[in-house]
Amino acid sequence: MVELVDSLVMIKAVGHTKGNSISILEDKENNLYYMFQGDVTYCDAALYSNELSVVFEDKERARETLNRVRDFIKENKTIYCSTHCPEGYLNVEQHKIIKL
């Protein structure tokens, strides 16, 4: 994990492709997190159904990453900002907290 600035961290998202990462922004005032990701899942439906991305270099490590993402979301109020589908933008616009 690398802290970029106060309240913004970048973490490795191993398994999909080399160098894949996730950024998490903490909104301390509202006890809320924004998770920005592109390839852990391609859409929210895959997150809800616990499905891996369609492309990965190491299936076992990709599964570990997805499990960590899901655990984080279960334990923290999180807005999931996927970059491969319209839900990412809509989740931010609607301030939608993901419930798993």
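Bear in mind these aren't lab numbers, they're just calculated from the coordinates by the rules spelled out. Being a predicted model, the structure only gives us computed values, none of them experimental. Quick reminder, even Gly has a Cβ in these numbers, built from the backbone with ideal geometry, and neighbours come from all protein chains shown.
Within region 12-34, identify whether any single residue is touching a Cys at 6+ places or on another chain (Cβ under 8 Å) and free of Cβ contacts under 8 Å to residues at least 60 places away in the same chain, and answer yes or no.
Step one: of region 12-34, the residues touching a Cys at 6+ places or on another chain (Cβ under 8 Å) are 34.
Still in the list and also free of Cβ contacts under 8 Å to residues at least 60 places away in the same chain: 34.
Yes; the residues of region 12-34 include at least one that is touching a Cys at 6+ places or on another chain (Cβ under 8 Å) and free of Cβ contacts under 8 Å to residues at least 60 places away in the same chain.
Give region 16-51 a look and list any residue that's surrounded by fewer than 13 Cβ atoms within 10 Å (Cβ to Cβ) and in a strand (DSSP E or B), or say none. Spell out how you get there, then give the answer.
We begin by selecting, within region 16-51, every residue surrounded by fewer than 13 Cβ atoms within 10 Å (Cβ to Cβ); these are 18-19, 27-31, 45, 49-50.
Result: Asp27, single match.
Within region 72-93, track down each residue that is loosely packed, with under 15 Cβ neighbours inside 10 Å, in contact with a Leu (Cβ under 9 Å, 6 or more places away or on another chain) and in a helix (DSSP H, G or I).
Lys74
Return the residue satisfying two criteria in turn: it lies in region 52-68 and is in a loop (DSSP other than H, G, I, E, B) and under 13 Å from the mean Cα position of the chain (by Cα), and of such residues it is surrounded by the fewest Cβ atoms within 10 Å (Cβ to Cβ).
Restricting attention to region 52-68, the residues satisfying the condition of being in a loop (DSSP other than H, G, I, E, B) are 52-58.
Still in the running and under 13 Å from the mean Cα position of the chain (by Cα): 52-53.
Working: Leu52: 17, Ser53: 22.
It comes out as Leu52.
Picking from Asp39, Asp44, Asp71, which residue would you name as being in contact (Cβ under 8 Å) with a residue 12 or more places away in the chain and more than 9 Å from the chain's Cα centre (by Cα)?
Exactly one of Asp39, Asp44, Asp71 is in contact (Cβ under 8 Å) with a residue 12 or more places away in the chain and more than 9 Å from the chain's Cα centre (by Cα), namely Asp44.
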